[in-house]
Amino acid sequence: MVDMKGTQLIHEYLRHNKKFPHVFCAGCGHGIVLGSLIRSIHGLGLSKDEVCVVAGIGCSGRLAAYVDFNTVHTTHGRALTFATGIKMAKPNMHVIVVMGDGDSMAIGGNHLIHAARRNIGVTALILNNNIYGMTGGQCSPTTPAGSFSMTTPLGQMEQSFDCVELCSAAKANYVARGTVFHVKKLDKMIMDGISNPGFGVVEILTPCHTQYGRKNKYRTPVDMYKMLKKDVIDIDRYEKLSEADKAKKVPSGVFVQKDDSGLEEKFYQMAAKCQGGA
Ligand SMILES: Cc1ncc(C[n+]2csc(CCOP(=O)(O)OP(=O)(O)O)c2C)c(N)n1
Ligand code: SF4
């Protein structure tokens, strides 16, 4: 593996002449996820041809356009369906799906729970910024109760989904939550999610100051990173808190890690059996 660090490494994996400048607002966390994804793939020693990045639609979905792997920029909410087909046809390919919270848990929510139930061997990176960023800041299934958005000008009245609980209950093999502030930990979670068999989910808390932060209590994008630093804590520390203190914090870390075979492995074993093999 070539020994490169930082910007030099990231540039090695970008499609320079095609897709830049990027669309992200100043302070957006999505670019940090892009760097983390690249470092993770490089760290695992995977060649570009062994990786397929599948994205839905949204600011998050733009990631697929920037990286020099096999990529598919699909339709809103349907990235997991394309990814499932790719993984079934090419079981040795590392298929990584990039979705926003709206993409994955609103229009694509049904696909998310069934991908977890099926335990298809793809890794889903869910970029949770609590809002529909690309389309102007409508509320999403993760917009916290009481917070303000374009479509909840008086405060969100609905409960929000907890992505980790949702995917754990739906039986995903690997479920983790990280943030774009804690990047070293995030790199490790993405690497582990890719290495683990079956369906892996890494929920990534990432700020959208443009559409969420400035309508709420965050005056600048920096305030949103400070919030991630202060409020998102390791599961071990979180578990020791009183119920009242837990309500003010968000737990981060690996919540589920199993090594059950992915659907594609079971399928090819069954196919070999039907053909009279082992
Ligand atoms: C079928 C369909 N419905 C709606 C849209 C409009 N649309 C584009 S992106 C988006 C939401 C994006 O929010 P999210 O998935 O959270 O990603 P973000 O932009 O915040 O990264 C919507 C509703 C669309 N492109 N296609
Ligand atoms: S609108 Fe939000 S999610 Fe989209 S690029 Fe800007 S900060 Fe990022």
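The values are calculated or read from the model by the stated rules, or taken from the named source; none is laboratory data. Fair warning: this is a prediction, and the values are worked out from it, not measured in the lab. Positions of Cβ are backbone-derived with ideal geometry, glycine not excepted, and every protein chain shown enters the neighbour counts. Remember, those area values only see protein heavy atoms, side chains included, never the ligands or the DNA or RNA. Shrake-Rupley method; radii C 1.70, N 1.55, O 1.52, S 1.80 Å.
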Quick one: what are the phi-derived ³J(HN,Hα) couplings along segment 34-40, Karplus 6.51/-1.76/1.60 with θ = phi - 60°, whole Hz, x for glycine and proline? 4, x, 5, 4, 5, 4, 5
Against the longest alpha carbon principal axis of the chain, how many degrees, from 0 to 90 and to the nearest 10, is the axis of helix 109-118 turned? 40 degrees
Using every alpha carbon pair in segment 164-278, what percent of pairs falls into each 5 Å bin from 0 up to the bin containing the largest distance? 2, 11, 16, 16, 16, 13, 9, 5, 4, 3, 2, 2, 0, 0
Plugging the Kirkwood radius over Cα pairs into Stokes-Einstein for segment 217-278, at a temperature of 4 °C and a viscosity of 1.567 mPa s, what D comes out in µm²/s? 83 µm²/s
Any chance you could look up the accessible area of ASP260 with a 1.4 Å probe, heavy atoms only, rounded to 10 Å²? 80 Å²
Going residue by residue through segment 212-220, the Karplus relation 6.51 cos²θ - 1.76 cosθ + 1.60 with θ = phi - 60° gives ³J(HN,Hα) values, rounded to whole Hz and with x marking Gly or Pro, of 10, x, 6, 7, 10, 8, 9, 6, 9
Quick one: if you take sqrt(5λ) for each eigenvalue of the C-alpha gyration tensor of segment 102-189, what semi-axes come out, biggest first, whole angstrom? 24, 16, 11
Which order do you get for LEU125, LEU166 if you rank them by accessible area with a 1.4 Å probe, largest at the top? LEU166, LEU125
Scalar couplings 3J(HN,Hα) for segment 234-250 by Karplus 6.51 cos²θ - 1.76 cosθ + 1.60 (θ = phi - 60°), nearest whole Hz, x for Gly and Pro, are 4, 3, 4, 5, 4, 4, 7, 7, 6, 4, 5, 6, 4, 4, 9, 10, 10
Range of Cα positions in segment 1-111 per principal axis (Å), largest first: 41, 36, 21
In debye, nearest 20, what is the charge dipole magnitude of the chain about its Cα centre with +1 on Lys and Arg Cβ and -1 on Asp and Glu Cβ, if you could check? 460 debye
Dipole-positive endmost among ILE120, GLN275, THR75 within the chain (Cβ charges, Cα centre): THR75
Per the helix-only calculation at 222 nm, which mean residue ellipticity applies to the chain, given -39500 (n - 2.57) for every DSSP H run of n ≥ 4 and division by its residues, nearest 500 deg cm²/dmol? -10000 deg cm²/dmol
Could you state the angle between the C-alpha long axis of helix 221-231 and the longest principal axis of the C-alpha atoms of the chain, as a value from 0 to 90 degrees rounded to the nearest 10? 80 degrees
Please list, ordered by chain and number, the residues whose modelled amide H lies under 5 Å from the amide H of VAL250; skip anything fewer than 5 residues away on the same chain. VAL232, ILE233
Compare LYS184, LYS48, LYS230, LYS19 by solvent-accessible area with a 1.4 Å probe and give them largest first, with all protein chains kept in place. LYS184, LYS230, LYS19, LYS48
Net dipole in debye of segment 1-135 [+1 Lys, Arg Cβ; -1 Asp, Glu Cβ; about Cα centre; nearest 20]: 200 debye
Return the long-range amide H neighbours of GLY77 (sequence gap of 5 or more, or a different chain), with a cut-off of under 5 Å between placed amide H atoms. ILE57
With every protein chain kept in the model, how would you rank CYS25, CYS52 by accessible area, 1.4 Å probe, largest at the top? CYS25, CYS52
What Kirkwood hydrodynamic radius do you get for segment 143-211 when you take the inverse of the mean 1/r over all pairs of distinct Cα atoms, in Å? 13.8 Å
For the chain, what is one quarter of the convex hull surface built on the Cα atoms, given in nm²? 15.6 nm²
Going by amide H atoms built from the backbone, whose H comes under 5 Å of the H on CYS52, apart from near neighbours? HIS94, VAL95, ILE96
Here the FRET efficiency for LYS266 versus VAL72, based on Cβ atoms and R0 = 25 Å and rounded to 0.05, is 0.55
